[in-house]
Amino acid sequence: MDIIDLTIKAYFPLLLVSDKSKGPLTGDKFRHMQRNMLKRALLGTTGGAAAFLGACLYKQDEWTYANVLMPVVQIALDGEDAHRWGVWAASKNLFPKCNFTPTRSLMETKVWDLTFPNPLGMAAGFDKDGEGVEGIARLGFGFVEVGSVTPLPQPGNARPRVFRLYEDKAVINRYGFNSAGHEKVLQNVSEYIDKKRETPCILGINLGKNKTSSSAVDDYSKGVNTFFDVADYLVVNVSSPNTPGLRNLQAKKELSELISGVTKARDLKCKDGSRCTPLLLKIAPDLTEEDKLDIADVVLVHKVDGLIVANTTVSRPDSLLSSNKNETGGLSGAPLKNLSTTV
């Protein structure tokens, strides 16, 4: 018994339709007529609902996204698959262009020699390989930060590595710097720039190191040399909790050696008269007061252009409710707000 049969039995009473020339319609003829009527009704209803949903999504109706699209995505796809489909959609420019046009002077933010159209940006970690910069910019972000990017391609940690914490409005991930590598990411972002940025936005490149690398200074310096001419700003990421030993680079001695080497690589690129691309440091939220003072000393001595505060946390607040709260990895989302703001 198919769904049509069930629906007929549930909603259609037994009717006799008279026809003077042929007599009453009963049995197979009547049932065939009922099925055709119901099919037409279902097709019309489904088509109308689909058209209405499409119009709501096109008009960027917030209620539809929050209460229809996102619940369906969360049921149909796990965290990483949803992430990958989101990047794919951005790479194909499937997201509608943001129609919000605020008074420009109220939203513009000027930092270094850059003017950000607005201060809301897409942080590193979403578009790791620079595949969808144009599509993300279409959503209205003032900047897009690609990465983290490692010199050589690497797969990152094994799946599953992304966990939703629905009750806590949070996510735990342990991706582990999965990256297509410098060469491929440079190709991707260059294609965006070659299109003359149909949707202009500030482009940041977040740099990482390979898991098996013997020299952090070499890896980050290679990133500076590779992306210096295409990035509006560069980020040295030493705060991901998912690469063994990476956060040790935040210790004062190790950080000073790293930043000294990376800033020298950047400054050498500036000497030929090129724009001196700003260099930032991304830090963890899980820092002691002594750690903060040490980092402040290093960035002031080596004249780092700015800090990004902060990466995900390895702490787990007592307020977490989700059954996924004890998964290994970095926690982001609502529970990180107070901690990162305090830093």
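Under 22 Å between alpha carbons: how many lysine pairs meet that in the range 241-343, if sequence neighbours fewer than 8 apart on the same chain are excluded? Within the range 241-343, the lysine pair count is 19. Classification of the range 84-211 by its C-alpha gyration tensor yields a prolate form. The axis ratio a/c (a ≥ b ≥ c) is 1.5 or more, and a/b outweighs b/c. Proximity of backbone amide H atoms, modeled 1.01 Å from N, is registered between Asp129 and Gly147 at under 5 Å, excluding neighbours fewer than 5 places apart on the same chain.
Tally up the carbon and sulfur contribution to the accessible surface of the range 178-223 as a whole percent, 1.4 Å probe, everything protein left in place.
Summing carbon and sulfur atoms, their accessible area is 47 percent of the total for the range 178-223.
Ligands, DNA and RNA aside, Lys97 has an accessible area near 100 Å² when probed at 1.4 Å.
For the range 211-343, the solvent-accessible area with a 1.4 angstrom probe is 49 square angstrom per residue. Put simply, the amide H of Thr109, placed in the peptide plane, has neighbours under 5 Å in Phe116, Asn118, leaving out anything fewer than 5 places away on its chain. The accessible surface of the range 271-343, taken with every protein chain in place and a 1.4 Å probe, is 52 percent carbon and sulfur. Computed from backbone phi, the HN-Hα couplings of the range 128-143 come to 5, 10, x, 7, x, 4, 4, x, 5, 4, 4, 6, x, 5, x, 7 Hz, rounded to whole numbers (Karplus: 6.51 cos²θ - 1.76 cosθ + 1.60, θ = phi - 60°; Gly and Pro given as x).
The values are calculated or read from the model by the stated rules, or taken from the named source; none is laboratory data. Every value quoted in this text rests on a predicted model; they were computed, and no experiment measured them. The accessibility values were calculated without ligands, DNA or RNA, using every heavy atom of the protein model including side chains. Shrake-Rupley method; radii C 1.70, N 1.55, O 1.52, S 1.80 Å.
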